Amino acid sequence: MGLPKTISAGAARSPRQPPATKLLGLFEIDENGRLLYSSVETAGRLHRDSSLDGKNLFTELAPFANANDFKRRFEFFRFADMRSLSFAFTCQYADGPLLVRVVLARLLTGPDYSFLVHLQKPRFGPLSDSAK
C-alpha cells in the first residue's frame, strides 16, 4: 500500500525538497513513539493506514524540521501526572509553518499505557503556539 499522500517520510526533511503534504491525523503510540495505530487525514477525512504501524512518529514520519521540539512536548506529557493535554504547535515545514492543534491522552492498555496523539488543523477561533 505504501505511505499515504498525507505523509512523506524520510526525504521530506530535506530543505531542497518540500513535503507534498502535512502530517495530520490520529495516532496511537507507545512510550518510544512507535506507531501502534494510525488514521491519517487526507482531504479532510481520516482513514486507517496499517502500513505505518511499527514506524516511529518522531523520527520516521514527522516531516517537519522541529520534530524534536514536538517530541520534547510529548516527553513532558509522558512524565507528567496528567491524563490529557491540548496545545498549539507550529510545525516548521520546508514550504512554511503550519499551526496545528495537538491533543495528547493516556490510554490504559493492560498494565501499561499507550498514548493518543491527535494532530489537526485548528477549526475554531484563533490559536497561538504557546512554545514560541
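The values are calculated or read from the model by the stated rules, or taken from the named source; none is laboratory data. No experiment lies behind these values; they were computed from the predicted model shown. Backbone-built Cβ (ideal geometry, glycine too); neighbour counts: all protein chains shown.
Could you tell me whether A65 is more than 20 Å from N32 (Cβ to Cβ) and touching a residue at least 12 places away in the same chain (Cβ under 8 Å)?
Yes: the conditions hold for A65.
The rows are residues; the columns are (1) at pLDDT 95 or above; (2) in contact with a helix residue (DSSP H, G or I) (Cβ under 7 Å, 6 or more places away or on another chain).
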position	(1), (2)
P4	no, no
E31	no, yes
F76	yes, no
D81	no, no
S86	yes, no
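Going through segment 49-73 one residue at a time, which ones are among the small types (G, A, S) and either under 20 Å from L99 (Cα atoms) or under 10 Å from the mean Cα position of the chain (by Cα) (or both)?
A62, A65, A67
Out of segment 34-65, which residues are assigned to a loop (DSSP other than H, G, I, E, B) and buried (at least 20 other Cβ atoms within 10 Å of the Cβ)?
Passing the criteria: D49, A62, P63, F64.
Quick one: would you say L46 is touching a helix residue (DSSP H, G or I) at 6+ places or on another chain (Cβ under 8 Å) and either under 18 Å from V100 (Cβ atoms) or at pLDDT 95 or above (or both)? Spell out how you get there, then give the answer.
Numbers: touching a helix residue (DSSP H, G or I) at 6+ places or on another chain (Cβ under 8 Å): no; either under 18 Å from V100 (Cβ atoms) or at pLDDT 95 or above (or both): yes.
Answer is no for this residue.
In segment 83-123, how many are among the hydrophobic types (A, V, I, L, M, F, W, C) and out of contact with any strand residue (DSSP E or B) (no Cβ under 8 Å at 6 or more places or on another chain)?
Of the residues in that region, 2 qualify.
Can K71 be described as closer than 15 Å to L26 by Cα, among the basic types (K, R) and surrounded by 13 or more Cβ atoms within 10 Å (Cβ to Cβ)?
no
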